Amino acid sequence: MIAYNQAEKAVQSVTQHVVHAADQLQLHGFDRYYNAMVGTYVSGIYKSLPYSTFAHLTNRAQTPLTSVEQAVMYTTLYGKSHFDRFNSVIAQIMGKNKRTEAVTRTINIVDYGCGQAIASLALLSYLEKYVNCESFTLNFHLIEPSQTTLNLAVLLVTKMSSRIAANVTIHPYHKDLECFLKEDSEVLGAADYSMHLFSNVLDIAEVQQQIPRLCEYLHSIEGKQMVIAVGPQYSNNYQGLQQLKCSLSDVTVKQDVADFSVESEIYSVMRNHWKHEHSYGVMMGLCFKNISTASQTAFAA
């Protein structure tokens, strides 16, 4: 009983640290959030969850995370490099010209296999820096099979959204891509744009199996669509990006499948110190416009 109480207190302590880190995100942005999560890891998680154990339990972060401690470990290992990669790609695809004019826009953002919603956080960071969002409505759809990670994703998007003036709604889906496509194909409402974010998911075999169905879904959404896909520089990522691009029709390639790198200041759990390194990735950006069924019928007539 004593051991159980001690473990429960330890979990509560880690959770409190994570909430504090989320507050840092709200107040100061992603870098401070990352630093706070590293601080949580260094304060004790490294003792109870060494890298070898984390790698075994999560298949090197390829299976859904099951605890807050694992989420902190994941962020410490990969969070900064993932954020910097996606942030860099969004800026390349969408440009760095500041849009100061207030325009009314409704945008759906679908974050597939969102994890801790790092892709969505990078998008929000971009909007904060470059776009006047005071007349924006942003509808975030976060899809994630890990309930622990999804809870954190909702918290982080909520905190980061408060840094911009947009009207934000968050829709969480505790399920994998297959279940989402089967059960939630009608969830997106009318919008000026729908953005589809894929961060470190298109290399997963189960996701690649769903790409034909995914492309049917993407073409079923009315209006203008943008696909932004980013992942580490692995052969499976090239395969997933190429498969997605070839399975979609009538697309404009904003950024073809290509290598890139960004510089990141990250904490090395192996060497127990900060290091400055290049994070290598592969990226793709696609745009297309779907015509509504009513419009197609009228055109055919």
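The values are calculated or read from the model by the stated rules, or taken from the named source; none is laboratory data. Quick caveat: nothing in here was measured; it's all calculated off a predicted structure. When we count neighbours, we look across all protein chains shown, and the Cβ atoms used for this are built from the backbone with ideal geometry, even at glycine. Areas reflect the complete protein model, heavy atoms only, side chains present, ligands, DNA and RNA absent. Shrake-Rupley method; radii C 1.70, N 1.55, O 1.52, S 1.80 Å.
Altogether, the Stokes-Einstein calculation at 25 °C and 0.890 mPa s, with the Kirkwood radius of region 80-129 over Cα pairs as Rh, returns a diffusion coefficient of 206 µm²/s. Partner lysines whose Cα lies under 28 Å from the Cα of K182, excluding those fewer than 8 positions away in the same chain, are identified as K224, K245, K289. Residues M37, M270, sorted by accessible area with the largest first, give M270, M37 [1.4 Å probe; ligands and nucleic acids excluded].
Taking the alpha carbon gyration tensor of the chain, multiplying each eigenvalue by 5 and rooting it gives semi-axes of 33, 21, 19 Å, largest first. On a per residue basis, the convex hull of the C-alpha atoms belonging to region 35-183 measures out at 111 Å³.
Here the spin labels are modelled as points 7 Å beyond Cα on the Cα-Cβ line, and at N132 and C179 they lie 4.3 nm apart. Taking all protein chains into account, the per residue accessible area for the chain stands at 48 Å² (1.4 Å probe).
To the nearest 0.05, what FRET efficiency results for S235 and S162 with a Förster distance of 35 Å applied to their C-beta separation?
For R0 = 35 Å, the calculated efficiency reads 0.30.
Of the solvent-accessible surface of the chain, computed with a 1.4 Å probe and all protein chains present, 49% belongs to carbon and sulfur. In this label model, Q242 and N59 are separated by 2.3 nm, measuring between points 7 Å along each Cα→Cβ vector. Sorting C179, C133, C246, C287 on solvent-accessible area from highest to lowest, probe radius 1.4 Å, gives C246, C179, C287, C133. Computed over region 148-207, the convex hull of the alpha-carbon atoms projects to a mean area of 5.3 nm².
Placing pseudo-labels 7 Å out from each Cα toward the beta carbon at C287 and S43 gives an inter-label distance of 4.5 nm. Starting from the Cα of R99, move 7 Å in the Cα-to-Cβ direction to define the label point; list residues of region 217-233 whose amide nitrogen is under 17 Å from there. The answer is 223-228, whose backbone nitrogens lie closer than 17 Å to the label point.
The Cα center of region 246-286 and the Cα center of region 9-65 differ in position by 22 Å. Farthest toward the positive end of the dipole of the chain, out of L202, V19, Q116, is the Cα of V19, where the dipole comes from beta carbon charges about the Cα centre.
When nucleic acids and ligands are ignored and a 1.4 Å probe is applied, D31 ends up with an accessible area of around 80 Å². The alpha-carbon of K129 sits under 16 angstrom from the alpha-carbons of these aspartates and glutamates, leaving out residues fewer than 8 places away in its chain: D31, D84, E101. What the Cα convex hull of region 193-291 gives, in volume per residue, is 107 Å³.
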